[in-house]
1. Please enumerate the residues belonging to the range A:142-167 that are within 16 Å of ligand 2 (Cβ to nearest atom) and either of a type outside the set (A, V, I, L, M, F, W, C) or not in a helix (DSSP H, G or I) (or both).
2. Does any residue of the range B:222-239 turn out to be within 14 Å of chain A (Cβ to nearest Cβ) and not acidic (Asp, Glu)?
3. Here are the criteria: (1) touching a Pro at 6+ places or on another chain (Cβ under 9 Å); (2) more than 19 Å from B:Ser37 (Cα to Cα); (3) more than 14 Å from every other protein chain (Cβ to nearest Cβ). Tell me which single one A:Thr94 does not satisfy.
4. Looking at the structure I just gave you, is A:Thr116 within 14 Å of another protein chain (Cβ to nearest Cβ) and over 18 Å from B:Gln123 (Cα atoms)?
5. Would you say A:Leu68 is closer than 30 Å to A:Phe22 by Cα, over 20 Å from the mean Cα position of the chain (by Cα) and either of a type in the set (Val, Ile, Thr) or within 14 Å of chain B (Cβ to nearest Cβ) (or both)?
6. Tell me the residue from A:Ser139, A:Ser173 that is away from chain B (no Cβ under 14 Å), away from ligand 2 (no atom under 16 Å from the Cβ) and of a type in the set (Ser, Thr, Tyr), please.
7. Give me the helices (runs of 4 or more DSSP H) completely within the range B:109-181, filtered to those with at least 1 residues that are under 23 Å from B:Gly32 (Cβ atoms) and without any contact (Cβ under 8 Å) to a residue 24 or more places away in the chain, ordered by residue number.
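The values are calculated or read from the model by the stated rules, or taken from the named source; none is laboratory data. All values reported here derive from a predicted model rather than from experimental measurement. Cβ sites come from the backbone with ideal geometry, for glycine too, and all protein chains shown count toward neighbours.
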Amino acid sequence: MIKVKKLFKTFGSQTVLHGVDFEIKPGEILVIVGESGSGKSVLLQHMIGLLRPDSGSVVIADQDISRLSEQKLLKVRKDMGYLFQGGALYDFMTVFENVAFPLREHTRMKRNAVMTKVQDILKLVGLDAAEGKFPSQLSGGMQKRAALARAVIMDSRILFCDEPTSGLDPIKSRSIMDLIHTIARKLKCTTVIASHDIVNSLRIADRIVLIRQGTIVAQGTPDQLRSSQDAYLQEFFN
Amino acid sequence: MNFLFNYVIGLVASAGEALFFLLDAVGVVLRGKIRWSEVFKQVYIQGVQSIVIIALTSMATGAVLALQSYVMLSRFGAKEAVAQLVVLSLVRELSPVFSSFIFSGKVGARIAAELGTMKVNDQITATRAMGVDPMEFLVVPRILASLLVLPGLVVFSEILGVWGGYLIGVYNAGIPSSTYVHQTIYAVGFVDFFSGFAKTFFFALLIAWIACYQGFKTSGGSLGVGQYTTKAVALSYILVVVTNVVLTKIILALWG
Ligand SMILES: Nc1ncnc2c1ncn2[C@@H]1O[C@H](COP(=O)(O)OP(=O)(O)O)[C@@H](O)[C@H]1O
Ligand SMILES: [Mg+2]
């Protein structure tokens, strides 16, 4: 589904991605783990064309998106969802308007159909009572849920989540990860999550890649990584 | 020397970047991707935001202009010319320039702070991630709204300025009301009005462009929002002052 090939990216004098190379299968939930500053967010942004690599490519469904113009990328991104670390909800719109925004932009759905669809997804993420609130009136966890609802409202084929649990307590972290898992399975969407939350990542991932200093140093199923003898992996996962 | 060189290079580079930003916005307009509902939303916001302060400033300016010109013109025995002096000053120069200053302080600052906050909270990147062009959704409506609002505010300012002058001229200086009105109306020629009015479109474009650009360039959290907003206002202020001299020179050369 997604192939990341020999990706290099340098900001100024700092090389952030140093030949990242891996693949994601259709329908898979893949978690990219790594210390903070290891380049997870930068990698994720390359995968949806928000950043351009210095060299290498990102191929999604046989299309190299790293070479597309921004206008073409805008179209490609319509059926992808991206959950930003801070939610990135529009603060001048209510929760309902935020979640309805992609539908209003990209579909010709009728008012009532939009309303039903938005209310259904808000129910799924447990925000049906908050649809009229503005993002500033929500807790961090609720903002993330609303942002997740917005990210999948277009029945996205691919869902990217950047640090879905950051800033949340352990219980809320667990529940948002479970929610992503539920939604990903329900929509059958290919899901890529960047996280340093090892416990929850091991729980919901089909596969995990470990990024360190801009390269993939290990990948495998949660069980494979847990039982690895490598010292860095041991330190990381146990 | 090296420092100066780098400074100039930096200046040229950022001017070029700002120009590309504007061309990008123009491209959206040329492709016909204008969101009129957003434009009108912005027209309302921008108009409401600055109308009271512009009304106040204009009336006060017109009044002060009448007070001072009455004193000065009396020395030359030409106090009948108060009405003409007030309206011509306002229409040719003061209303367009003062209104633009106020507009940059209120609307320009608001745009820069709003977009800057959106930038640091990833809302602009999120717009791209959702497959929507932020230029089309956020920038073009604000620029077009400014092009509609500022010229309107300038005409409003001219009317209130004249009224301020009238109040002083009639009730303080004792010029007969009908004389004052008559002189005001006959003083303003087509060229007088348009030489001032035409400039406002440039100022509107300049203010909205700089504010949007600085907003989009913002980084560094709430501190950054403050810095870039201040920069947007200061820069548009300077550019309004400077382009005003150039534009006035050109307009006078063309129309006299
Ligand atoms: N736009 C940018 N410009 C310059 N440096 C950046 C930019 N984005 C990220 N970086 C740098 O790249 C490194 C990796 O960042 P990031 O991908 O956010 O790490 P992670 O998400 O793994 O915590 C950091 O050192 C960060 O400072
Ligand atoms: Mg990150």
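1. Listed by number, the residues that qualify are A:Lys144, A:Phe160, A:Cys161, A:Asp162, A:Glu163, A:Pro164, A:Thr165, A:Ser166, A:Gly167.
2. yes
3. (2)
4. no
5. Here the answer is yes, as A:Leu68 does meet what is asked.
6. Just one listed residue meets the conditions, A:Ser139.
7. Answer list for the range B:109-181: B:123-129.
Residue-by-condition table, conditions (1) within 14 Å of another protein chain (Cβ to nearest Cβ); (2) of a type in the set (A, V, I, L, M, F, W, C); (3) within 14 Å of ligand 1 (Cβ to nearest atom); (4) out of contact with any Cys (no Cβ under 8 Å at 6 or more places or on another chain):
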position	(1), (2), (3), (4)
A:Glu23	no, no, no, yes
A:His46	yes, no, yes, yes
A:Lys78	yes, no, no, yes
A:Leu83	yes, yes, yes, no
A:Asn98	yes, no, no, yes
